[in-house]
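Below: the structure, in structure tokens.
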Amino acid sequence: MATTQDTDTNSAKPDGRRTRGERNVTLVEHVRGLLLEDIIRGHLKPGEMVQLSVLADSYNVSRTPVREALALLEHEGVVTAIAYKGYLVRPIEPRDVQDIFFMRRVLETAGIELATKRLSDESLDRLRSMRLPDGDTMTLEYDEVSQDFHRTIMEAAGNRRLLSTFDDLYNDVRRLQYAGIGTPRPDLIHEEHVEILKALEARDPQLAAERMTEHIDNVKSRALTAWVSAGS
């Protein structure tokens, strides 16, 4: 599990995570971010029980911000409070894979249709500059570039509730990725991102929605194949 110091506001993390000072967030938000990353990256594993005192010692903070951060994550469905025991990191079930990609299809297809009409030239240039790193394993850089690509499109949709729901959903997407559900294929995903970008450049909402649907379905197919292989 990663650790942090309350007073550390300038030094960079060895794993590339930004410090509290760099993100200009409250202590509760900072602890929430650290907890979420530890869950997503598998330092706190699905089905594991965690306790306030242990987490507070690990992050070198008091129990109060840890308790409040866990309450936020419980509201988001990431952990479950168990009376007199602590918090359970919500396990990933086979049904989760289906549900997550169903929701991605609904949200991101609707989002990209809106974004196609609103996307600025600056945002298009930003999307053009994004290139997934080479490799076949999940890394923080890979995750951040992929999320940034999709989030830039959702931001351009101009719907705050849609974006907020996307952000919550992508936490589960990241959990699947770091749990090994779907070996990343940067080469294929980059090609699919390029096709999405072409549709956005053409300002064609229907084509953009089709390309996004194809991309999400392809990622889902690879994820389910990996899930079956892992269970065999």
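Each value in this text was obtained by applying a stated rule to the coordinates, not by laboratory testing. Note that this is a predicted model, so its numbers are computed, not measured. Cβ: placed from backbone, ideal geometry, glycine included. Neighbour counts: every protein chain shown.
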*Where does segment 94-231 land on Rg(C-alpha)/(2.2 N^0.38 Å)?*
0.99
*asked:* For LYS85, give me every one of the aspartates and glutamates with a C-alpha distance below 19 angstrom, ignoring sequence neighbours fewer than eight places off in its own chain.
replied: GLU48, ASP57, GLU68, GLU74
*asked:* If R₀ is 22 angstrom, what is the calculated FRET efficiency for the pair LYS45 and ARG95, using the beta carbon separation as r and rounding to 0.05?
replied: 0.70
*What FRET efficiency, computed as 1/(1 + (r/R0)^6) with R0 = 41 Å and r the Cβ-Cβ distance, is obtained for THR225 and LEU72, rounded to the nearest 0.05?*
0.75
*So for LEU119, LEU132, fewest C-beta neighbours within 10 Å to most, what's the order?*
LEU132, LEU119
_For segment 20-89: relative contact order, % (alpha-carbon pairs under 8 angstrom, 6 or more apart)_ = 37 percent
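In whole percent, what relative contact order does segment 94-231 give with Cα contacts below 8 Å and a gap of six or more residues?
Working: 149 pairs, mean separation 53.0, N = 138.
Relative contact order comes out at 38 percent.
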*Could you pull out which residues in segment 183-214 have an amide N less than 12 Å from a spot 7 Å beyond the Cα of LEU163, following the Cα-Cβ vector?*
none
*Please name which of HIS150, VAL106, GLN206 has its Cα lying farthest along the dipole of segment 94-231 towards the positive end, using unit charges on Cβ (Lys, Arg +1; Asp, Glu -1) and the Cα centre as origin.*
VAL106
*Please identify every one of the trypsin sites (Lys or Arg not before Pro) in segment 114-175 that sits in a loop by DSSP and has no more than 15 other beta carbons within 10 Å of its own beta carbon.*
ARG131
*asked:* If I model a spin label at ASP204 and VAL106 as a point 7 Å from the Cα along the Cα→Cβ vector, what separation in nanometres do I get?
replied: 2.8 nm
